[in-house]
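Read-outs throughout are calculated quantities, based only on the coordinates presented, and are distinct from any laboratory measurement. As the structure is a prediction and not an experimental result, all values here were calculated from the model. Neighbour counts run over all protein chains shown; Cβ positions are idealised from the backbone, glycine included.
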Amino acid sequence: MKKKENKTPKEPFEALFTAVIRYFRWIVLAAVAIILLTGVYKVDSNEVAVVLRFGALTGSSEDTMIKRPGLHFALPNFIDEVVKIPVETVQELSVSTLYTGSKSVRGEVQKTGYVLTGDSNVVLLRAVVKYKISDPVTYALYVNNVKDELNGIVSGTLTGVLADMSVDDVLTTEKNSITSRTMNDAQRLIDGVRLGIQLTNVELTELTPPNEAIEAFNNATTASVKKQTLIQQANDYLAKVIPDAESESKTLVDNATALQAQKTAEATAMAEEFRGLLEQFSANPEVVKNGVFRMRLGKVLQQSGQSIVLPDEEGQRVILP
């Protein structure tokens, strides 16, 4: 009969180590799979992305640097940093450094904010700037706080633009000019400092005089509106009177031309008649003289409604007319 072998039970640590060795490859595969899955990222339709590997931009050209919408892969977060940039999103920034909300400029004007116009008047101004990211690489690498920089650029530009205008123009007729000039001037500065953004609009949300001067400004605005109304009325009257005067002038010229033609024709006929009579008078003066005399006298008597009897050279009676 065989003798049974005595087996000593393994210690718990040895058993755990054995299990780890047995499943090590599966653990490694699972860890690799988790790491790979953490590197998959999605770029939405309104975005692009850039990848920074140890802080340096990956890719050798613009097409490889910029990741378009879709699924992409990057190394784990401690190696690659994915920066998503909303290039299709219109972003807004409220510019309130020139007006904090208090309508009085007394006291600490630095806290109130204000703008001086070209004729040394004070106005309070708030605006909204809309922009899009136009250069994602520059935006991601070189811009730290775009809103602070943009706020400073637009505030300074607005200050310069209003410094070239009178307060009447600022508050009445030149608001569109203010926004267009601000956009153009601010964009030049933005391109110069390479913010990588493109302005799409500048809106003046509030433009008002301070309380201390609002009554005077309102009076000036009323006078300006009245002036424009009177100018428009004068232009309307001018537009009505000039065509009438031109029409009347044309009628007078036409009538004068017609009268000229009539008088010229009458004068020409009389001249022809006189030439014919002159030829007859040259040939027989007495006959023509008597004939003309009778004709003229006949006309006079016809107009007077009376008749006269005259003897002719042969002693016969002639009744005129």
| message | With the crude spin-label approximation of a point 7 Å out along Cα→Cβ, what separation in nm comes out for L116 versus E149? | response | 2.9
| request: Using 0.36 nm per residue of separation minus the Cα-Cα distance, give me the extension gain between W26 and V288 in nm, one decimal. | output: 79.3 nm
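Packing-wise, with mean Cβ within 10 Å as the measure, how do 169-175, 59-65, 211-217 rank, highest first?
Averaged packing, sorted descending, gives the order 169-175, 211-217, 59-65.
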| message | So if I restrict to the alpha-carbon atoms in the stretch 185-243, what is the Rg, and what is Dmax, the biggest pairwise distance, in Å? | response | 20.8, 58
| remark: Placing +1 on each Lys and Arg Cβ and -1 on each Asp and Glu Cβ in the stretch 91-209, then taking the dipole about the Cα centre, the residue among Y114, Y139, V129 whose Cα reaches farthest towards the positive end is Y139
| field | FRET efficiency, 1/(1 + (r/R0)^6) with R0 22 Å, evaluated for N176 and A216 via beta carbons | value | 0.35
| note | Under the 7 Å Cα-to-Cβ spin-label approximation, S45 and Q232 lie apart by a distance in nanometres of 4.5
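Please work out the FRET efficiency for the pair A258 and L297, using the Cβ-Cβ distance as r and a Förster radius of 35 Å; give the result to the nearest 0.05.
Values: r = 34 Å, r/R0 = 0.98.
In this case the efficiency is close to 0.55.
Between A163 and R188, what length comes free when the chain is fully extended (0.36 nm per residue of separation minus the Cα-Cα distance, one decimal in nm)?
Values: separation 25, 0.36 × 25 = 9.00 nm, distance 1.86 nm.
Value of the extension gain: 7.1 nm.
Could the peptides 231-242, 176-187, 286-297 be put in order, highest first, of the mean number of other beta-carbon atoms found within 10 Å of their residues?
Highest-to-lowest ranking by the protection proxy: 176-187, 286-297, 231-242.
So if we plug the beta-carbon distance of Y142 and T208 into 1/(1 + (r/R0)^6) with R0 = 45 Å, what FRET efficiency do we get, rounded to 0.05?
Computed FRET efficiency for Y142 and T208 comes out at 0.75.
What does the net charge come to around V129 if you take all other residues with beta carbon closer than 9 Å to its beta carbon, with K and R at +1 and D and E at -1?
On the way: positive: K130; negative: E92, E203.
With Lys, Arg at +1 and Asp, Glu at -1, the net is -1.
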